[in-house]
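A short write-up of the structure that comes next.
The values are calculated or read from the model by the stated rules, or taken from the named source; none is laboratory data. Just so it is clear, the structure is predicted and the values come from calculations on it, not from any experiment. For neighbour counting, all protein chains shown are included, and Cβ atoms are generated from backbone atoms with ideal geometry for every residue, glycine included.
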Amino acid sequence: MKIIECANYDEASAACADIFAEQLKKKPDSILGLATGSTPVGTYRLLAEKCARGEISFKRVKTFNLDEYYGIGPGHDQSYAYFMRDNLFDHVDIEPANTNIPDGLAKDVGAECRRYDELQNATCDGLDIQLLGIGPNGHIGFNEPDDVFTAGTHLVELEASTIDANARFFASRDEVPKSALTVGMRTIMNAKKVVIVASGEGKAAAVRAMLDGPVTPRVPASILQLHPDVVVIADSAALGKL
Ligand code: F6R
């Protein structure tokens, strides 16, 4: 793993945006794996600015998001579909038809999970680059600490700590969906390159467990120790427990 230590969130966002911009310059029809949450907001803003300046284009890009809350639709302002439009897609020249997010309103969850995995497989032999944040409990995507690593896209019950962490985005904790659809470890580990960004001391324990602890589904991000091309972009606070 390559570790890029940054002074703060803004520097980490700039470092991450530069990696994604280089990827798009090198391969304009890249297939990107994208994340939501507070971590990538700065990266997406910088990518939108680079696009507005004509330095990069998303015209030929395809995207697959990691996850979506289960039980809310793309029009809900806390859905990840809404987040992606709000933070990136509406500000760059991407074709909406080339963006993919699991359907949080799917009636047949198993069929939706299969559809999402099959679509990725039909589109590419591994995403070109996967962007990740990390949960304070070490989750990636919504792969929560568990007894096993799950390979494919699946429905997960969110941990109480994840619901607590995400309650800040909702009017009340009760409104946070209790489950989500998430890609599994196969999507993440098959990506040709993984960039994981962590900012703030709330992530420090998870970052240490990811980098220095055993590879275990109790710390889902620890599986990245087995990936051949991972870049960890973290600020000093997030690296503070190493
Ligand atoms: C989001 C996702 C999650 C977040 C993680 C960190 O699509 O898959 O794993 O990356 O919960 O969230 P933030 O960035 O809000 O701290």
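Pairs linking a residue in the range 193-211 that is closer than 12 Å to GLY133 by Cα and of a type in the set (Lys, Arg) to a residue that is more than 9 Å from the ligand (Cβ to nearest atom) and not in a strand (DSSP E or B), with Cβ atoms under 9 Å and 6 or more positions apart or on different chains, are LYS203/ALA237; LYS203/ALA238. When ASN121 is tested against the conditions (1) within 13 Å of THR36 (Cβ to Cβ); (2) of a type in the set (S, T, N, Q); (3) more than 11 Å from the ligand (Cβ to nearest atom), the lone failure is (1). Here is the figure for the range 35-51: residues that are of a type in the set (Lys, Arg) and either in a loop (DSSP other than H, G, I, E, B) or touching a residue at least 40 places away in the same chain (Cβ under 8 Å) (or both) total 1. Of the candidates VAL232, VAL207, VAL156, VAL176, the single residue that is within 14 Å of the chain's Cα centre (by Cα) and buried (at least 17 other Cβ atoms within 10 Å of the Cβ) is VAL232.
Take the range 52-73 and flag every residue that is among the hydrophobic types (A, V, I, L, M, F, W, C), in a loop (DSSP other than H, G, I, E, B) and more than 13 Å from the ligand (Cβ to nearest atom). So that I can check it myself, show each step before the final result.
Here is the first cut: in the range 52-73, the residues among the hydrophobic types (A, V, I, L, M, F, W, C) are 52, 56, 58, 61, 64, 66, 72.
Filter once more, keeping what is in a loop (DSSP other than H, G, I, E, B): 56, 58, 61, 66, 72.
Within the range 52-73, ILE56, PHE58, VAL61, ILE72 qualify.
Among ILE188, ILE196, which is the only one that is within 12 Å of the ligand (Cβ to nearest atom), in a helix (DSSP H, G or I), modelled with pLDDT of 95 or more and closer than 19 Å to ASN65 by Cβ?
Numbers: ILE196 fails: in a helix (DSSP H, G or I).
The conditions single out ILE188.
One residue alone among LYS2, LYS26 is free of Cβ contacts under 8 Å to residues at least 40 places away in the same chain and either more than 15 Å from the ligand (Cβ to nearest atom) or closer than 29 Å to VAL207 by Cα (or both), and that residue is LYS26.
Sort out which residues of the range 1-25 are in a helix (DSSP H, G or I) and loosely packed, with under 14 Cβ neighbours inside 10 Å, and write them in order of number. Result: ASP10, GLU22, LYS25.
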